[in-house]
Structure formats: C-alpha cells, structure tokens
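The values are calculated or read from the model by the stated rules, or taken from the named source; none is laboratory data. This structure is a prediction, so every number in the text was calculated from the model and none was measured. Methodologically, a virtual Cβ is constructed for each residue, glycine included, from the backbone with ideal geometry; neighbour enumeration extends over all protein chains shown. For accessibility, only protein heavy atoms count, side chains too; no ligands or nucleic acids. Shrake-Rupley method; radii C 1.70, N 1.55, O 1.52, S 1.80 Å.
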Amino acid sequence: MTSIYNQIVQAKAANKKLLAVLLDPDKIVREQLEVLVLKINQSSATHIFIGGSLVKNNILDELIVFIKNNVVLPVVLFPGNPSQISDKADAILFLSLISGRNPDYLIAHQVDAAPIIKKTQLEVISTGYMLVESGGLTAVQTVSKTTPLSRDNIEHALATAQAGEMLGNKLIYLEAGSGANNPVPLKMISLVAQNITIPLIVGGGIVDLTGIQNAYDAGADLVVIGTAFENNMHFFENK
Ligand code: 1GP
C-alpha cells in the first residue's frame, strides 16, 4: 500500500492540490458529528488532520474511530503535544517548530513522544513547522512561547524552510495560526515553494475558497482549513 507521504509526493508531482480539514477534538460537538462527516464526505477534502494546541478532553480515540468508520480519507495526527497521540489514526505529522527557539518544541516533546509512537503503527512524517506572524496573538504562539517569523522577511522564512529540508524534514508547514487575522503572505508561500523540493503545507486564517485557491496558485501543495469549517459546516459548498 502506498504510504500517505508518498501519496502527497505523487500528488505534488502531478500538480494535484490537496486539502485537509483540521478537526480540533476540543471543539467538536458530539451531536454534530453525523453532519460533520456528511459535510466532509461531500467536500473535496483529501485528508483529515486532528489536533489542536491544547486538546484537554479525552475523546481523541473515540473521535478518530468514528471518523474512520464514516469517512474514507486518511486521518493524520497534528499534535500540539505528546499527549495527543492515538494509534487509531493512520499517520502523524512529527513536528519540529523550526521557526522558534524553544527547545521544548524543537526536540524535547519529540523525545517524549518517540517511545509512545514506536508502540503504534502510525506512519511518521517529519515536518518542519513554521509559525508566521499574522497580525495578532495565536494559540500556537502562546502555547509554544516562541516568536513567529516576520511576515516581511520572506528570505528568512525561506532560509528556515531550506534548513528544515536539509535537516531531513519531509514536509514544510507554513502556519499563520488557527483563526489567524491574516493568512501566510502569498509572496512567502511562493518563494518557499519555488525553492524547496519537499511538499509544502499552508494553513491558518484562510477563510474562503478564494483564499484556498490563492494559496494553491502561490505554490501550496496542501491547504489546511480548520476554523472556517468549524464555524460553518457549509463552508465547502460556497461555490
Ligand atoms: C491551524 O493551519 C491550521 O493549525 C488551520 O488554521 O483554523 O485558521 O483554518 P485555521
């Protein structure tokens, strides 16, 4: 069976754009789960990401099992910390917050997570995670206690992405932060996309279908939509 990562690489090679719906277990309303899976099945989503900065509740396993039973898309963990690991998912983005200088999010959480992940069948996808300044304080910034990259210094963002690729990251994730005031600047997406060879994920603050298309046109291989779908389950129908 082709791995989830290889599917992403193949999609990039074929210029087939990918779309992930991000579900935060803390924000899922149990009563809305049936509608949620229906709307995901009717959308053009190709992946489901599960995670959040905090994830305080313990419905992670239950939520993933429900989704796996009702949706055929791969379920990829997008964890905020090592407690957000579930062997019910298909893969995990093994994140290192390479835009920041907090060792906890560069390597310490990863050391804690490694033995837990080893006991699962999860496909591990090493991901260089880059937080970009978005015009306001985001949860990632608060929780990670790191300074986001400047929106204007796109050369520095490129150097960070290239360092991530050289370190062996298999994906780069340009993140404005969930519910960000402004998404990642298109010029930054474009410069990074043109100068790395690994697939590029872009998310945070994208609130409409035009925003998704703009990110694709700039060079994003996979776009992540969280808040906009959380707020409006008809989001993907607004053609
Ligand atoms: C957050 O990039 C994701 O980690 C999605 O952000 O919630 O703003 O869509 P939004």
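Residues in segment 201-222 that are among the aliphatic types (A, V, I, L, M), open to solvent by less than 10 Å² (accessible area, probe 1.4 Å) and near the ligand (Cβ under 9 Å from one of its atoms) were compared, and the one that is farthest from A180 (Cα to Cα) is I201.
Quick one: which helices (runs of 4 or more DSSP H) lie wholly within segment 53-163 and hold at least 3 residues that are touching a residue at least 12 places away in the same chain (Cβ under 8 Å), touching a Pro at 6+ places or on another chain (Cβ under 8 Å) and open to solvent by 40 Å² or more (accessible area, probe 1.4 Å)?
Hits in segment 53-163: 109-118.
With respect to (1) open to solvent by 10 Å² or more (accessible area, probe 1.4 Å); (2) closer than 25 Å to K39 by Cβ, the lone exception for S190 is condition (2).
Identify the residue in segment 18-27 that is open to solvent by less than 30 Å² (accessible area, probe 1.4 Å) and assigned to a loop (DSSP other than H, G, I, E, B) and, among all such residues, is modelled with the highest pLDDT.
D24
Exactly one residue out of L106, L97 is within 18 Å of the chain's Cα centre (by Cα) and more than 19 Å from D24 (Cβ to Cβ), and it is L106. Of S53, S83, S126, all but one fail to be under 23 Å from A11 (Cβ atoms) and of a type outside the set (A, V, I, L, M, F, W, C); the exception is S126. Close Cβ contacts (under 6 Å, 6 or more residues apart or on different chains) running from residues in segment 174-193 that are farther than 17 Å from A139 by Cβ to residues that are part of a strand (DSSP E or B) comprise I189/V202; A193/L200. Just name the residue that is farthest from T138 (Cα to Cα) out of those in segment 28-45 that are open to solvent by less than 30 Å² (accessible area, probe 1.4 Å) and part of a loop (DSSP other than H, G, I, E, B). Ranking the candidates gives S43 first.
Across segment 1-33, the qualifying residues are those that are touching a residue at least 40 places away in the same chain (Cβ under 8 Å) and of a type in the set (K, R), and the one among them that is nearest to I59 (Cα to Cα) is K27.
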